[in-house]
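Okay, so here's the structure we're looking at.
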Amino acid sequence: MGSRRAVAPDPRLDGSSADRATVPTFDVPYFRYIDEEGTEEEGEEEGWCSSRSLSSIEEEDSSDSSVSHRYAAVPATPEKVLEHLLGHLRLDEEQKSPQSRETENLLDDFLLTYPVFMSTSDLCQALLGRVKEEGRDTLLRKRKVLHLLSQWSSLCADLPRDDEHAKLFLKTLYRYVLDDLYEFPSLEKDLKELQKLLRMQRRYLKENWHPVRGAQRDRKEVLCRVYMTIDSYVSVRTHGEVSVQELLSTVAERLDCAEDDMVLMAVTYPGEKVLLQSDQCVFSSSLSAAERLHVCRRDLTEIMSPFTDNGQQRSVKMLSMNTWDVAVSLTNCDWSLFSNVHEQELVYFTLSRDTSTGHMVALEQLLQRCNETQQWVMTEVLLCPTLCKRVQLFKKFIKIAAHCKAQRNLNSFFAIIMGLNSPAISRLTQTWEKVPGKFRKLFSELESLTDPSLNHKAYRDAFRKMKSPKIPFLPLLLKDITFIHEGNKTFLDNLVNFDKLHMIADTVRIIRQCRTDHMGNMLSQKDSVEVRTYINYLHVIDNQQTLFELSHRLEPRT
């Protein structure tokens, strides 16, 4: 499976190189898929046994080899890690040197991956400890801490504003630096940068403070699920302050129902129903996150059922839309969510840490959108009772998937192909037989990119050749990070394995490379308002049993 190799610790951490001990690190093992064909020897010949080949979708930076010796194991306490990092940090006068560029790469790795082995509170306390420490090179040490903070704030733009430890840390650090200004006048420039961070924090708190609720308001985009039945809902893109009336108006328009005949309820898991008032905020503090929203008629009957819904009318509306416009709207929606995903969210997701602090909101929304797109494809097909209309839908979705690939949106591309490949859809043999041969051939070519053999080699090769900007298939990226995290030890004999952190950071930086340009510069056409509204409010059935029942109603088992 995986190979082992030895990495010696950095000699600068010990006074004598003779006392150095060999510290083992571990390559990520290769995990074979159960549906792969061929022997292990064939897989090894393809070169898919190491973690670097798994996660290196983009070409590696040419400086990696020159800095590999810096990724040595260091003592595992936060103070010692910072001592090692700050010891190699270069300031303004040394910024152009090769060593400075190497150290900036190391700093970037550290800031992206520090949650793997320390908390934000530990990092803040360790930085304050370095600032308060007296002794030789006091000024240089303080300036290095402030430089690290500057890099941290630019890399994690929301952290100083959203994290309580970081906010308290900024205020305390500012007082310390202000006290040191008389003794070290050269800190004035660094103090001004710190003042900018504090002003940004105060401005953020002021802009997000709601005078009525007495709490922070949230104008960020959210994906809201409004259920019509126990297994059918409309996914609505809206903002965190949406009112009940506003949400009902949106759902009524999407379902072609009268808004006056609709009410919105919050349903708890025990089954208790709470009727929401029209002027009430949907996401108020009085509603539990565990509750889900349910829309029904005023007499509390269901608005529609998957088995009685007029599927033909819904499908005709979908068939009247231009496939390129649909792909553009899907790409614009995905790009809006993807551009808000912070690189460190992938690390938090892998660690399954801080799920309640909002550190992974954007990433979770993008993953939810991917799942909903797949289920939307299945829902549209299975709610279409007419064979000829289903054939047209198949052709439509195959063309939309091809357009998403052309627009370098591999998130929606994968979702559509997986939807058409789902068991409830793939069993519709009568429908597939009526699809023209050229469309079945196109689908086969597109499907080959989702082939998981050799750890998704077809997808990785195609993705590597695509120019940025582009939207990757996030679940696969998360799988790579998970394999690196679980296949390598974080601590080796009470030492931090920086080699592992470097591999994780390399994989996380892929989303930075994917966003080197804005998606608007790539697309020459604006999306249609009608299509955008349709795509932003997807009607989804998320119950697999219901989907299979619909599938068997369309084509009963013979």
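Please treat every number below as a calculation from the coordinates, not as lab data. These numbers come from a predicted model, not from an experiment. No Cβ is skipped: glycine too gets one built from the backbone with ideal geometry, and neighbour counts run over all protein chains shown.
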Shape verdict for the range 221-297, please, from the Cα gyration tensor: rounded (a/c under 1.5), prolate (a/b greater than b/c) or oblate. rounded
Lys/Arg Cβ at +1, Asp/Glu Cβ at -1, dipole of the range 330-404 taken about the Cα centre: which of His342, Leu363, Cys388 is farthest positive-ward? Cys388
For the range 221-297, what is the percent of antiparallel DSSP beta bridges, rounded to the nearest 5? 90 percent
Per 0.36 nm of contour for each residue apart, how much would the distance between Asp493 and Gln430 grow if the chain were fully extended, relative to their Cα-Cα spacing? 16.5 nm
What lysines sit close enough to Lys171 to cross-link, taking a C-alpha to C-alpha distance under 22 Å and skipping anything fewer than 8 places away on the same chain? Lys132, Lys142, Lys144, Lys189, Lys192, Lys196, Lys206
For the range 317-332, Karplus couplings with θ = phi - 60° (6.51, -1.76, 1.60), whole Hz, Gly/Pro x: 4, 5, 5, 7, 8, 6, 5, 5, 4, 5, 5, 4, 5, 4, 5, 4
Order 372-381, 114-123 from most to least packed using the mean count of other Cβ atoms within 10 Å. 372-381, 114-123
Relative packing of 547-558, 223-234, which averages over residues the other C-beta atoms within 10 Å, highest first: 223-234, 547-558
Just order 325-335, 384-394, 132-142, 502-512 by mean Cβ neighbour count inside 10 Å, highest at the front, would you? 325-335, 502-512, 384-394, 132-142
